[in-house]
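Okay, so here's the structure we're looking at.
What follows draws every value from the coordinates through simple rules; no lab data is involved. All values reported here derive from a predicted model rather than from experimental measurement. Quick reminder, even Gly has a Cβ in these numbers, built from the backbone with ideal geometry, and neighbours come from all protein chains shown.
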Amino acid sequence: MAGSRPRALKLGGAALRLAGTVVLTIFGLLLVTFLIGRVVPIDPVLAAVGDRAPAEVYQRVRSELGLDQPLYIQFFRYVSAVLHGDLGRSVLTSNPVLTDIKRFFPATLELATTATLMGVLIGIPLGVAAAVRQNRWPDQVIRVLGLLGYSVPVFWLGLMGLVLFYARLGWVAGPGRLDVFYEDVVDPRTGVILIDSALAGNWQVFSNAIQHLILPASILGYFSLAYVSRMTRSLMIEQLRQEYVVTARVKGLSEARIVWRHALGNVMVPLVTVVALSYANLLEGSVLTETVFAWPGLGQYITNSLLNVDMNAVLGGTLMVGVVYLVLNLFSDLLYRVFDPRAR
Amino acid sequence: MSEVVAARGWHAWLTAEAPASRLQARLVNAYATSLGFLRNPLALIGLAIVIALLLIAAAAPLLAQDLSLRLRPPDATHWFGTDELGRDIYSRVLYGARITLGIVTLVVLIVAPLGLFIGCVAGYRGGMLDAVLMRITDVFLAFPRLILALAFVAALGPGIENAVIAISLTAWPPYARIARAETLILRDSDFINAARLLGASWPRIVFLHVMPLCLSSVIVRVTLDMAGIILTAAGLGFLGLGAQPPSPEWGAMISTGRKYILDQWWVAAFPGLAICLVSLGFNLLGDGLRDVLDPKQR
């Protein structure tokens, strides 16, 4: 009987099934990027040899690139190259795409992480407050924030933020990650400037980096905040209706303890899922935000390559984002299974 | 029927507990639904915004102003100021309504029937077909939408038609999911079994019995999705991959306005406000429709 199987075994089975789904999805991701790469109206052979090359040179290069093979063999080669960490070479930067991604990714990570932290630190208390006092002001605030969060274009909000806080008020630094003066001062150990400058003990660079980071991170953080607070609210409302809350009140527990310990404790697991999802969604917002703020991250790398028809870079970047997205979803799913007894 | 109406008025007829005819039953249902919708002020605001969008798109030539001086701040003649070529931003925003409406309509016309068809067939037929189709939707859902649309535009080339195709390619999976979930519930109900026993073929059952019943959830999803489609299209336009200047697409207008953002803020500000307002309208309308048409999703 399924119910009497040991827990570890059941979890193992679930993990196995999950791993199967992941492998299948990654295979699908690769198929999509591969096919997109084949649809491009640019002939890669012509791009390599130029349009004056004689027919035999054209044919030779074509077979060197493996383009004379049937599609499924080309796909097989593509998959094995990707699994060996070879995403091809970027035409624009003339580096291997993987090297580029390693260089650009930390900037996106820094931006998205700061934004998510802001969303969580403000969004969860706000959501709890709204659930406790339904239809009072925190509740209305969340409604409006949520509605605007689904309606405002992130790039426009970024531009307006630049006009107001940088150009008019001068509260924050302008586009880019650092002032030109501070660039390349700190040794890039992790690529995340805040950590690198802290490690090097260079607090001037650190504070300059914060001044540059604060506006784009707040803009992105707003979208995270809108989502997290909304979800916290509905999860908490559901918990506060439960009978154990009544029991706790009857026992004479303080209201603060009931809300923050008992009810919030019970929504922690789904809440982590929500946060992971919002983190994944910020990847998307970061493409546009990075363009507005000239933030040298993965999003800007993808769009720049796109405008220069640098397909290897575009597809490598897309694949990278897809994998990160998948990993975050997987992580939240796994967490749910491990910590929520009902999901077992 | 006429005796009841004569005796107790139309209101009683429309709210009858026991409708006497099929027509009356339908009207009673529609009346109750529309009352629910009319009681929701936010949904009405949303509806008003969407109707205003439709009117503006239709009447743009009548409302637009003449074009003369460049980069003028907003004043009495040029309500939203002028851009770098002296074009009146207010007039361009009005014409942009047509483009936005066009993109949204096209995407919805492609995506909703496609998703509905795939979802219903997968749900009704089950088995291998279902498994394969659902894995495909999984793969599409595994990419963030904008990034996938970017990759498709990269392959197809920039431009408004390709933007529509790219957005459609990324937008259908949720519809397929919804339609499939609904179909799974309907599949084993008595009236479907009855139709099957009468010898109806599966396409007949799917097209005539299952699909119409999945429509309301799909319509709700469409309205809630409109804002997302508008934002994605504007994002592509902003990145220079959607509609190309001089087209007055709102995203592309913001992209040009970006060059003058520090001194002439209005060039980018007003098209952005238009996007916000229209997305907000669709969101409010969608919320309202969901509450009325689909109470279980609340």
The range B:11-61 and the range A:193-269 have their Cα centres apart by a whole-number Å value of 41
Can you run the Rg to Rh ratio on the range B:65-218? Use alpha carbon positions and the Kirkwood inverse-distance Rh.
1.22
Just the ratio, please: alpha-carbon radius of gyration of chain B over 2.2 N^0.38 Å, N its number of residues.
1.22
Taking the Cα centre of the protein assembly as shown as origin, sum charge times position over the Cβ atoms of Lys and Arg (+1) and Asp and Glu (-1), and report the length of that vector in debye to the nearest 20.
2060
Which FRET efficiency value, to the nearest 0.05, is calculated for A:Leu31 and A:Ser63 with the Förster distance at 22 angstrom and r the Cβ-Cβ distance?
0.40
Fully extended contour minus Cα-Cα distance, from A:Leu83 to A:Leu330, at 0.36 nm per residue
87.0 nm
DSSP loop trypsin sites (Lys or Arg not before Pro) in the range A:151-246 with at most 11 other Cβ atoms within 10 Å of their Cβ, which ones?
A:Arg189, A:Arg241
Please name which of A:Val272, A:Gly252, A:Gly297 has its Cα lying farthest along the dipole of the range A:206-344 towards the positive end, using unit charges on Cβ (Lys, Arg +1; Asp, Glu -1) and the Cα centre as origin.
A:Gly252
Using a 10 Å cut-off around each Cβ, can you sort B:Cys120, B:Cys276 from fewest to most neighbouring Cβ atoms?
B:Cys276, B:Cys120
At a 10 Å Cβ-Cβ cut-off, how would you order B:Ser255, A:Ser286, fewest neighbours first?
B:Ser255, A:Ser286
Quick check: Cα centre of the range A:272-307 to Cα centre of the range B:93-125, how many Å?
26
Stretched out fully, how many nm does the piece from A:Val272 to A:Val246 gain, at 0.36 nm a residue minus the Cα gap?
6.8 nm
Provide A:Trp137, B:Trp266, A:Trp260 in ascending order of the number of other Cβ atoms located within 10 Å of each residue's Cβ, fewest first.
A:Trp137, A:Trp260, B:Trp266
Hydrodynamic radius (Kirkwood) for chain A, which is based on Cα pairs only, to one decimal in Å
23.4
Could you tell me the relative contact order of chain A? Use alpha-carbon pairs under 8 Å, at least six residues apart, and round to a whole percent.
24
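Near B:Ile205, within a Cβ-to-Cβ distance under 10 Å, what is the net charge of the other residues, with Lys and Arg +1 and Asp and Glu -1?
Computed value for this residue: +3.
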Rounding to the nearest 20 debye, state how big the charge dipole of chain A is about its Cα centre with +1 on each Lys and Arg Cβ and -1 on each Asp and Glu Cβ.
1740
Compactness index (Cα Rg / 2.2 N^0.38 Å), the range B:171-298:
1.52
With label points built 7 Å along Cα→Cβ from the Cα atoms of A:Phe76 and B:Phe207, find their separation and express it in nm.
4.1
Given charges of +1 on the Cβ of Lys and Arg and -1 on the Cβ of Asp and Glu, with all other atoms neutral, how large is the dipole of the range B:135-216 about its Cα centre, in debye to the nearest 20?
120
FRET E, pair B:Ser247, A:Ser254, Förster distance 60 Å, beta-carbon r, rounded to 0.05:
0.45
For chain B, modelled as a Gaussian network with Cα springs under 10 Å, which listed residue fluctuates most, B:Pro113, B:Pro19, B:Pro203?
B:Pro19
Just need log10 I(q)/I(0) for the protein assembly as shown at q = 0.06, 0.07 Å⁻¹, Debye formula, equal scatterers on the alpha-carbon atoms, no solvent, rounded to two decimals.
-0.40, -0.54
Can you tell which of A:Phe34, B:Ala18, B:Phe207 lies farthest toward the positive end of the dipole of the protein assembly as shown, using +1 and -1 charges on the Cβ of basic and acidic side chains (Lys, Arg; Asp, Glu)?
B:Ala18
If I model a spin label as a point 7 Å beyond the Cα along the Cα-Cβ vector, how far apart are those points for B:Ala16 and A:Ser234 in nm?
3.9
For A:Glu183 and A:Gln204, extending 7 Å from Cα along the Cα-Cβ vector and measuring point to point gives, in nm, a value of 1.8
Angle between chain B longest axis and helix B:2-14 axis [Cα atoms, degrees, rounded to 10]
50
